[in-house]
Structure formats: structure tokens, C-alpha cells
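Right, one structure below, let's go through it.
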Amino acid sequence: MRRKALKTILIVLLLWLSIFFVDWFTVSCFEHAPIFCVKDDEWNHYTGVGYSYDAYHHPINGRFEYCLYVFGIDIKSTFTN
């Protein structure tokens, strides 16, 4: 019973990590909105399970900028002033 629960937790964790890294790779390398997140239509905010992004193309220089939050903590930001 305990082994089955541990296996289930491990599978869920690996699935979450896979989804997280696909979104991270899409945003950081391809400069595109995350795939597995839900977009807030009023803001350029994308919400996933345990993580979120603020992502948009800068209005002046046109570069894609983003901020990654994991469990509400700012992890990485490419925003310029």
C-alpha cells in the first residue's frame, strides 16, 4: 500500500515537472506564451498549477519579456524599466 502511494506521488511530481519545464522552455527559448497555462484576458498573466507568468512584448523595444512565479515567489524576471 505504501509503495503504491509513493509511486503515485512520484508520477504526479514527474508529470508536474514535465509540464512546468515545457512551459518554461516555451517562454524562455521560443519567446511565446506558455502552453499549459490559462490566460487572464485583462492582463498578460498566465496561471498554471503552482506557477504563473507575466509575459508580453515590450511596447517600445518589442522584446518578449516575462516574469516567472513559482508558488507566488518571483523566480526569474526579464522585465526592463
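The values are calculated or read from the model by the stated rules, or taken from the named source; none is laboratory data. Just so it is clear, the structure is predicted and the values come from calculations on it, not from any experiment. As a convention, Cβ positions derive from the backbone with ideal geometry for all residues, glycine included, and neighbour counts pool all protein chains shown. Just so you know, the surface numbers come from the protein's heavy atoms only, side chains and all, with ligands and any DNA or RNA stripped out. Shrake-Rupley method; radii C 1.70, N 1.55, O 1.52, S 1.80 Å.
Take the residues in the range 23-81 that are under 24 Å from Leu13 (Cβ atoms) and of a type in the set (Asp, Glu); name whichever of them is least open to solvent (accessible area, probe 1.4 Å).
Here is the first cut: in the range 23-81, the residues under 24 Å from Leu13 (Cβ atoms) are 23-29, 34-38, 46-53, 68-76.
Filter once more, so that each one left must be of a type in the set (Asp, Glu): 23, 74.
Working: Asp23: 0, Asp74: 88 Å².
Among residues in the range 23-81 that are under 24 Å from Leu13 (Cβ atoms) and of a type in the set (Asp, Glu), the one least open to solvent (accessible area, probe 1.4 Å) is Asp23.
Collect the residues in the range 40-62 that are in a loop (DSSP other than H, G, I, E, B), within 13 Å of the chain's Cα centre (by Cα) and at negative phi, keeping them in residue-number order.
Asn44, Gly48, Val49
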